[in-house]
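The values are calculated or read from the model by the stated rules, or taken from the named source; none is laboratory data. All of these numbers come straight from a predicted model, not from anything done at the bench. No Cβ is skipped: glycine too gets one built from the backbone with ideal geometry, and neighbour counts run over all protein chains shown. Heads up: the accessible areas ignore ligands, DNA and RNA and are worked out on the full protein's heavy atoms, side chains in. Shrake-Rupley method; radii C 1.70, N 1.55, O 1.52, S 1.80 Å.
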Amino acid sequence: MVLQALRSGVRNLWPYVRELQDEAQGIHTNLLRHGADRSGRKSCHSAWKEAFEAVAGGKVGTIEVPTGTYVSETYIWPKYGNVRIVGAGAGRSKVRLANGSNCPTFAVIYNGSHGEDPYYADMLSDIEIAWLEIDGNGLNQTMPSGNFFDTPMGISVRACQRVDVHHVYVHDCFQTGISMDRCADTSVCDSRVFNVGLNPVGSPRNGIYVYNGTPGDSTYPHVNSRRHLIDRVSVIGFKDEGIGYASNGAGHNVVISNFHVQGTGGSFTDPATTGDLGVALEANASPYTPPAPAMVSISAGTITDCLEGIGINSADGLPATPTYDQLHKAVTVSAVQIRRVQTNGVRLSGSQIQIQGVNVLDYGMNLAGQSAGLLISGGYTPVDDGLAQTHISVDGFSAKAYPGTSTAERSGVSLYNTGLGSGENIDLSHLLLEGGGTAQVCAAYSGGIMMLGDWRKVRISHFGVTGHRHGISIRNANADLMVSDGQCYRNNEAGVYVIGAGAALVAPTFDNVKCIDNGQDSGLTQRVGFYLRGVAGTRLRNCVATNRDGTTQQYALDNYTDVTLTRIEGGDFSGNAVGVFNGVTGLTAVRNVVGYNPVGTVSSPPALPASGVTGTNNSGVDLLMTVTGGTVTVIVLQGVTTNLTSGAFLLPALGTFAITYTVAPTLVFVGL
């Protein structure tokens, strides 16, 4: 073992030294001693049975599998714990399932009374399978009943603890390559899974799969699946999930790292195609509703040629009002590269989720279907506090859409809540999002960053968006939205497109946001920098909305007739093809904006009110008000008496004034 580790480049030899110490205190045997045929011509099933009996009862029993091909016509079942099955390495020690065996190659299952036992009293413990090649011979298998022992997998482990699988090569399985079901403290490391899920119709057909089982099962003990490590693995060719974790109980502590997953590509023309997920986390509900997985880390991996890159979701079957605990929480995805996916790069729902350093290239290869680089999806109605998604942080995410003609909904980052709950405390930062350009007109619910439904306390900052229907598209969203320090460049219609839910969307803030050369598709209507509708109290601070080529972006701001209390402070709105504003209704203050201020002549200046009556500057800009002539005794500005009866005064937008007079003076207003 030490020599094998040295040959494979392992630096830390201490675990292998401890294995040698265990061997010295345990029982060691060789499969050939029990009559195994290593030519691959005869079944070795009886040799395996004798070998397991030979090492039973020792502190550690080691079964060595020398170089050769070993065929078994039924499952290899280590009925006792404390056993190591060790070969000479993939390509040397091969275990192959015989034609028509219709069972797992290795079936590791508990041996004892069953029932609910959270302390694992009846579980097999301390199993190691290493340095082997496992040929599932899947083209020559079927699955007659779906029973555990009738499921043709490579390695199938159920109701066990402390199981280590490493340095194995599993390939050509009818169903899943490596399965850990109702287990605790397991690891799959330094291993490859290739070409599994050859069954054309049945499930599961996964590369590596960890599943928590069902409480109340009368056949197997149920445990809370926990503490699983999947590290330094490669999964290429599968039908359902490359690496999957599904919990029907309080599963937690799962680490998936240093991985490569490559699917079959799916059907890139059929929007109904399912399966083929790179990495999937599921919270199954049937037949009950347990807590979903928690404390899951997915890091340092590559995913390519799948229907979907990473799916973090609750499965069908949850009740209409699941509790907060039934959604995923404490999940981290970092340093993952995703390429060529049919729909979404990453799809998630839950709380306390962090996405960091993730890159998605060529998402939405199914041009007819809805897709997103990152989809944060609602659709559940938790009863605890009314929140479907909470505390989601995305810091460092880039996505590029697959090029090609498409009219489907597609977005770089999509916050898509169907109205069955609220999302709160969403932080999106350091985003680089590129759409498909004018070839992808896309549906109206599309944008580099798109928000639909009930979202609260959303912060978007440090972003660049280009080539989408809209740079930012906000529809029917709620309050507490802050957008800052980003650029929407050369998008097809608007740079920022906001349609609020009436009074629900109040006081969104855009700070240092640049909308440049948008409106690239001349067939679209709102070819503007900012489009506002159904929103009150919008603040634009130090924003830029300009058109450098002079023909595409029509206006800096399109202010719809139902917009109120829009304030603009600083920035540059010059150079647009038609003008600065399309509609000035609701503009309450525009200050220090290049291309608009100073205004000069004001089209709707305040009228002189009756003597002593307060008037208001509703012109939308600050005014220089000059009072001359008449017989004036008092001039009051902003509630303060000036002690003057004539002169020039600064009257800010929405500012008030009152003049007491017996003969009306002359007022002249100049917009600043």
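Data overview
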| quantity | calculated |
| --- | --- |
| Globularity ratio of the range 430-514, using Cα Rg and 2.2 N^0.38 Å | 1.02 |
| Three-way shape label, the range 24-111, alpha-carbon gyration tensor, a/c 1.5 | oblate |
| Prolate/oblate/rounded call for the range 392-460, Cα gyration tensor, a/c under 1.5 rounded | oblate |
| Accessible-area value, Trp77, 1.4 Å probe, nucleic acids and ligands omitted, Å² | 70 |
| Segments 425-434, 229-238 sorted - mean Cβ within 10 Å per residue, highest first | 229-238, 425-434 |
| FRET E, pair Arg33, Thr142, Förster distance 41 Å, beta-carbon r, rounded to 0.05 | 0.75 |
| Portion, in percent, of the accessible area of the range 546-672 that falls on carbon or sulfur, probe 1.4 Å | 55 |
| Label point distance in nm, Thr264-Arg41, each placed 7 Å from Cα along Cα→Cβ | 3.6 |
| Nearest-0.05 FRET efficiency for Val578 and Thr662, computed from C-beta distance (R0 41 Å) | 0.30 |
| Extension gain (nm, one decimal) between Ser393 and Thr616, 0.36 nm per residue minus Cα-Cα | 75.9 nm |
| Whichever lysines have a C-alpha closer than 22 Å to that of Lys94, once near sequence neighbours (fewer than 8 apart) are set aside | Lys42, Lys49, Lys79 |
| Estimated distance in nm for a label pair at Lys59 and Thr405, the labels positioned 7 Å out from Cα along Cα-to-Cβ | 7.3 |
| Probe 1.4 Å - accessible area at Leu667, Å² to nearest ten | 40 |
| Accessible surface, per residue, of the range 430-576 when the full set of protein chains is kept, probe 1.4 Å, Å² | 32 |
| Summed residue charge, Cβ within 13 Å of Trp455's Cβ, Lys/Arg positive, Asp/Glu negative | 0 |
| Accessible area per residue in Å² at 1.4 Å probe, computed on the range 43-83 | 39 |
| The range 578-629 - accessible surface per residue (Å², probe 1.4 Å) | 47 |
| Inter-label distance for Asp549 and Ser203, nm, one decimal - labels placed 7 Å from Cα along Cα-to-Cβ | 4.6 |
| Peptides ranked, highest mean first, by Cβ atoms within 10 Å: ranges 205-211, 36-42, 358-364 | 205-211, 358-364, 36-42 |
| Solvent exposure, largest accessible area first (probe 1.4 Å, DNA, RNA and ligands not counted), of Asp395, Asp622 | Asp395, Asp622 |
| Ala607-Ala507 FRET efficiency (beta carbon distance; Förster radius 30 Å; 0.05 resolution) | 0.50 |
| Ranked packing of 537-544, 408-415, most packed first, by mean Cβ within 10 Å | 408-415, 537-544 |
